[in-house]
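Presented below is the structure to which this report refers.
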Amino acid sequence: YIRYIERVDKDQEEIFWRNYLEGLEQSTLLPFIENTTQRTKGVGAYGSLYLHLDEHISSQTEEFAKRNHLTVNTIMQGIWSYLLHQYTGNSNVVYGVIVSGRPGDLAEVEERVGLYINTLPLHTEMQKEKGILEWLHDLQQNQVSCLQYQYTSLQQIQAFTKVQGDLFDSLLVFENYPVSEIIGSKQWSLLVENVNMQEQTNYPLTITIGGSERINIGFTYNSNLLTDEYVKEIRNHFENVLLQVIAREDKSLQDIKLITSFEQHQLLNKFNDTIVPYPKDKTVIDLFEAQVLKTPHAIALVFEEEQLSYTEL
């Protein structure tokens, strides 16, 4: 594997990543987190929230993918890209994805033992007028092209950009290998029960997609940096956008709505319920005079004149 990497044309590798990240001029960081040096240090208590899609929605998602020659992974990547675009307001967004790190042209790569996984940046440009399917196909094609250099370290890739500091603070992981089902399908002489484990990354938010008959989406987050309320909203937005994508494949990105029907009701009705009782037989002047009689010595208005200085050249 090391000899394989040594044989790669380093100049072509750099050219590829520079072209792939072209247009990316700033980090894509979750706005719900204060700008802190602890953002990606992994320090804190981690919690998890889940989005369990039922069999019907899971089936619809898989049928949408097959019908349009896409992978479920691409669909999920597209949804998170869209959400980051809406959250940050950036047209160019980037976040981390996990790849196997096993190049297909390396002989007997599947027989080799070792931890080859790597974190790569997923970069996409949001063009609202672009069709949903066209955008997803472009996203998938770009991801396939990245696999030829999937071993490049994230630190080296970021050095090819002009971005300082953290490039991103969210990670998306797609698990398509049903280990638990394979283990559960056989009878073993050694049985293990009541297994409990806690996984976390150094990022404030990691989205993990897995499952076979039903798609399960986990949101693991640093509770010291992200509150439960924010993660619940992210989870609800994720489901809301997914349902629109698989049902409106003939539409464009600008037709997707971020907020849920519940949030829309809150904004238009609950938060906008500003009607208060007031004396309709009195004018503003009458109310002002009444307040003067009630608190005659209170200050009603303060006007501060700003002093400007000019320097003659």
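If you go through the stretch 86-103, how many residues are assigned to a helix (DSSP H, G or I) and either without any contact (Cβ under 8 Å) to a residue 40 or more places away in the chain or out of contact with any helix residue (DSSP H, G or I) (no Cβ under 9 Å at 6 or more places or on another chain) (or both)?
1
When you scan the stretch 33-64, how many residues do you find that are within 24 Å of LEU120 (Cα to Cα), among the hydrophobic types (A, V, I, L, M, F, W, C) and open to solvent by 50 Å² or more (accessible area, probe 1.4 Å)?
Residues that pass the stated criteria total 1.
Going by the structure shown, is LEU106 at pLDDT 95 or above and either part of a helix (DSSP H, G or I) or more than 19 Å from LEU205 (Cα to Cα) (or both)?
No, not satisfied.
Out of VAL72, VAL94, VAL109, I need the residue that is in contact with an Asp or Glu (Cβ under 7 Å, 6 or more places away or on another chain) and surrounded by 13 or more Cβ atoms within 10 Å (Cβ to Cβ). Which one?
Result of the check over VAL72, VAL94, VAL109: VAL72.
Condition check ((1) under 25 Å from VAL241 (Cβ atoms); (2) within 17 Å of the chain's Cα centre (by Cα); (3) of a type in the set (Asp, Glu)) across all residues:
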site	(1), (2), (3)
TYR4	no, no, no
GLN12	no, no, no
THR28	yes, yes, no
LYS41	no, no, no
TYR46	yes, no, no
HIS56	yes, no, no
SER59	yes, no, no
GLU110	no, no, yes
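Which residues, counting only those in the stretch 16-28, are open to solvent by less than 50 Å² (accessible area, probe 1.4 Å) and either within 22 Å of TRP80 (Cβ to Cβ) or among the hydroxyl-bearing types (Ser, Thr, Tyr) (or both)?
TRP17, TYR20, LEU21, GLY23, LEU24, SER27, THR28
What pairs can you find where one residue is in the stretch 141-167 and in contact (Cβ under 8 Å) with a residue 60 or more places away in the chain and more than 28 Å from HIS69 (Cα to Cα), the other is among the charged types (D, E, K, R) and surrounded by 17 or more Cβ atoms within 10 Å (Cβ to Cβ), and their Cβ atoms are less than 8 Å apart, with a gap of 6+ or different chains?
Taking only residues 6 or more apart or on different chains, the pairs are ASP166/ARG39.
What single numbered condition from (1) within 16 Å of GLY23 (Cβ to Cβ); (2) assigned to a loop (DSSP other than H, G, I, E, B); (3) within 20 Å of the chain's Cα centre (by Cα) fails to hold for ASP166?
Unmet condition: (1).
Just checking: which of the helices (runs of 4 or more DSSP H) contained wholly in the stretch 172-275 hold 3 or more residues that are modelled with pLDDT of 75 or more?
228-247, 261-265
The values are calculated or read from the model by the stated rules, or taken from the named source; none is laboratory data. Every value quoted in this text rests on a predicted model; they were computed, and no experiment measured them. In this analysis, Cβ positions are derived from the backbone assuming ideal geometry, glycine residues included, and neighbour counts consider all displayed protein chains. Calculation scope for accessible area: heavy atoms of the full protein, side chains included, ligands and nucleic acids excluded. Shrake-Rupley method; radii C 1.70, N 1.55, O 1.52, S 1.80 Å.
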